[in-house]
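Encoded as structure tokens, the structure appears first; notes follow it.
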Amino acid sequence: MRFSKIKDNDIANGLGITMSFWTQGCPHRCKGCFNKETWDYNGGKEFTKDNLDYILTNINKNNIKRDLSILGGEPLCEQNIHGVIELCKEFKRHYPDKTIYLWTGYTLENFNYIQKKILNYVDVLIDGKFEEENKNLSIMLRGSSNQRVIDVKKTLREENIALHEVC
Ligand code: SF4
């Protein structure tokens, strides 16, 4: 897996403060994408054990309660999915009560077998491509109104898409 950047304190990509992690590489090419520097699969840096340790060690730095946000690029493309699953698995092993937010351009109904594994770890899933014609910057956690903020645990429990109550 390659990644673009890690931001220690982010208030724009979660409910509260998150440490945010941008994966590198995206197949979607959404018109009007605000993050084109993450498209190139060869850009960014290789994600290493040191980077994982950095996240695990610093998530509570300075006694600030942070959750984890994973954005892109596309975290669930074939180049990133295995690394993202490992990251989420390790994160939840250390911090089972923290929330993981994950943004993807894929829609949940179309996840393949491997992509579905991420649902074991992610709490809040924001799915769907950015659609310029539906752009709306006033809605929480999304760039366009077609995107959904999904409560993953409730969705799995009810076997039906459950939208997040706060959003
Ligand atoms: S999924 Fe995100 S990063 Fe990829 S093209 Fe669309 S808006 Fe850009």
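Coordinate-derived values only; no laboratory data. In this text the structure is predicted, and so the values were computed from the model without any measurement. All Cβ positions, even for glycine, are placed from backbone atoms using ideal geometry, and neighbour counts span all protein chains on display.
Below are the figures for this structure:
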read-out	value
Relative packing of peptides 107-119, 24-36 - highest average C-beta neighbours within 10 Å first	24-36, 107-119
Region 15-91 versus region 139-157: alpha-carbon centroid distance in Å	18 Å
Of PRO27, GLN147, TYR41, farthest towards positive along the dipole that unit charges on Lys, Arg, Asp, Glu beta carbons give the chain	TYR41
Flagged links, alpha-carbon separation over 19 Å, of LYS45/LYS116; LYS7/LYS45; LYS31/LYS129; LYS65/LYS98	LYS45/LYS116
GLU158 versus ASP50: modelled label distance in nm, points set 7 Å from Cα along the beta carbon direction	4.6 nm
Three semi-axes of the equivalent ellipsoid, the chain, Cα gyration tensor, whole Å, largest first	22, 19, 16
Length-normalised contact order for region 58-137 - Cα pairs under 8 Å, 6+ apart - percent	31 percent
Projected-area average for region 1-92 over all orientations - Cα convex hull basis, square nanometres	5.9 nm²
CD proxy at 222 nm, helix term only [per DSSP H run n ≥ 4: -39500 (n - 2.57); per residue of the chain; nearest 500]	-6000 deg cm²/dmol
Most fluctuating residue given options THR99, THR18, THR57, as computed from a GNM of the chain linking Cα atoms under 10 Å	THR57
